[in-house]
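What follows is a structure written as structure tokens; I'll ask about it next.
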Amino acid sequence: MLTTLPLTLLASLLVFDVFATPTPAPQPNGISMGLRRRVQSRSTDDFGVWAKNHRAGLAAKYGGRAVKPRSSGTNLITNQGSDSSYFGSLAIGTPAVSFDVILDTGSADLWVAGSDCGEGCSDVTTFDSSASSSLTNQSTAFEITYGSGEAAGTLVSDTVQMAGFSVANQVFAVCDEVSSGLLTNPVSGLLGLAWQAIASSQATPFWETLASGTAWDSPVMAFQLTRYLNQSRASQEEAGGSFTMGFVNSTLYTGDIEYIDTPSSTKTYWILPITAITVQGNSITVSSGSDSYAAIDTGTTLIGGPPTDIANIYAQIPDSSVGTGDYDGYYMYPCDTSVTVTVSFGGRSWAVSPADFQEQDLGQGTCLGSFFSLTTGDSAPSWIVGDTFLKNVYSVFRYDPPSVGFADLSDYALSMNGNLDLAAPSATIGSVSAAATAGSTDRNANSGTSIRTSSFLFTIATTLMSVVLSNL
Ligand SMILES: *[C@@H]1O[C@H](CO)[C@@H](O)[C@H](O)[C@H]1NC(C)=O
Ligand SMILES: *[C@@H]1O[C@H](CO)[C@@H](O)[C@H](O)[C@H]1NC(C)=O
Ligand SMILES: *[C@@H]1O[C@H](CO)[C@@H](O)[C@H](O)[C@H]1NC(C)=O
């Protein structure tokens, strides 16, 4: 439950009142064609898909009979706070209003800040549930606890649209209590992209409705996440890459996608076992069995793992040291050491670049490493593999069979990293844009010795962890 969190790192959490356990919510139903025509790539790999969609698109555009509903879609995402978080946009209600939401494969609930939300929602665009003619109030309390904060409110259902897909009667929460620091303008909420079993609302997640039906060409979602961490002139908001539903974009990766099935086809978090880690080319000892389980989590900034494994990683880095005080659980190391860590989930080894290992320059030649020590007990996967890793690969979350795939990024995708000529996307669906307030232009976001740890997001859902993991 809510009152204690088993995670050692979480210093300043607000603790809300404990609500009653939510009752099962009605399931969303009905998929209709979206409003936006999307641009299709014409690479040979994609050509069959392109041809089919192109035909359906033209049929719709010129009033002919649509061959098939929209079958794949792309949401351009924004990189916020030099790789602290990645958000996309969706639209809710009638008339549709756009909101920016953190895209989070570490949880399974959709929620947005409601117009009654005070502290914790200052500066953010909020959802006015009375303005939507298609909204139904479920009058059921909702609360969710993440690694780095909480949100609470009421469940409602309404039409939700994203990347050209629309789900009618999608159950989500309108929150009037949100931990301060969880939402940073212009983000208004969070879209959970893990499985229904860990949904605090018990509702079918938006993506799962689409994946389980006939909406998608292929039962996959995929991410390309950009890196601006080592770009000292990065703004608060930069181009974040892309999130696709129903297909993988072959422009963004090269070679094959290596899929690894989740252990026992688990449908909770997106879990893979970590089977091997190297640091500077040397293998380290890693925990085995369920202690090797990692949640692949786009909503977490860094990589957290078992204390002994993390200590083994830093033991390979000369002159590294354990952090104290604000840096309890973290490690420091000399900035002039270029550290390469590779991680394997049972197949290939994937490298985390030195640029991602070096999370922050603390001054005087000392840097903060991006792997931190995390004690989750039996209440969470032992590892949380976040954006520090995911920036280095094209990642694919496959519905059936349940698995996560990785591939090398293409030169095209790599060319976006640190690129100051790219504009951060703005919300484009709906009659009102939630992205109207431009982010501050802090061209020195990474310079100096300011402590950036407060902006590390850790949005793995913890509310139901013990229940879920005991079933593995
Ligand atoms: C694939 O990604 C490229 C680069 O972002 C983009 O231009 C193209 O439109 C995408 N393809 C599809 C089918 O969305
Ligand atoms: C839903 O109804 C409850 C009362 O049952 C009310 O407290 C809540 O504010 C309503 N929520 C929304 C989003 O309209
Ligand atoms: C950032 O890191 C990447 C990957 O290691 C590297 O290719 C790039 O040159 C770095 N950019 C800067 C500005 O240091």
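The values are calculated or read from the model by the stated rules, or taken from the named source; none is laboratory data. In this text the structure is predicted, and so the values were computed from the model without any measurement. No Cβ is skipped: glycine too gets one built from the backbone with ideal geometry, and neighbour counts run over all protein chains shown. What goes into the accessible areas is simple: the full protein's heavy atoms, side chains included, and nothing from ligands, DNA or RNA. Shrake-Rupley method; radii C 1.70, N 1.55, O 1.52, S 1.80 Å.
Send over the Kirkwood Rh of segment 233-336, from the inverse of the averaged 1/r over different Cα pairs, rounded to one decimal Å.
17.2 Å
Say each of Arg233 and Asp326 gets a label point 7 Å from the Cα, pointing the same way as Cα to Cβ; how far apart are those two points in nm?
Label at Arg233, label at Asp326, 2.8 nm between them.
Per residue Cα convex hull volume for segment 237-414, in cubic angstrom?
Dividing the Cα hull volume of segment 237-414 by its residue count gives 133 Å³.
Given labels modelled 7 Å from the Cα in the Cβ direction, how far is it in nm from Ala315 to Asp123?
In this crude label model, Ala315 to Asp123 measures out at 4.2 nm.
First compute the accessible area of segment 157-247 with a 1.4 Å probe, then give the percent of it belonging to carbon and sulfur atoms.
Solvent-exposed carbon and sulfur of segment 157-247 make up 39 percent of the total.
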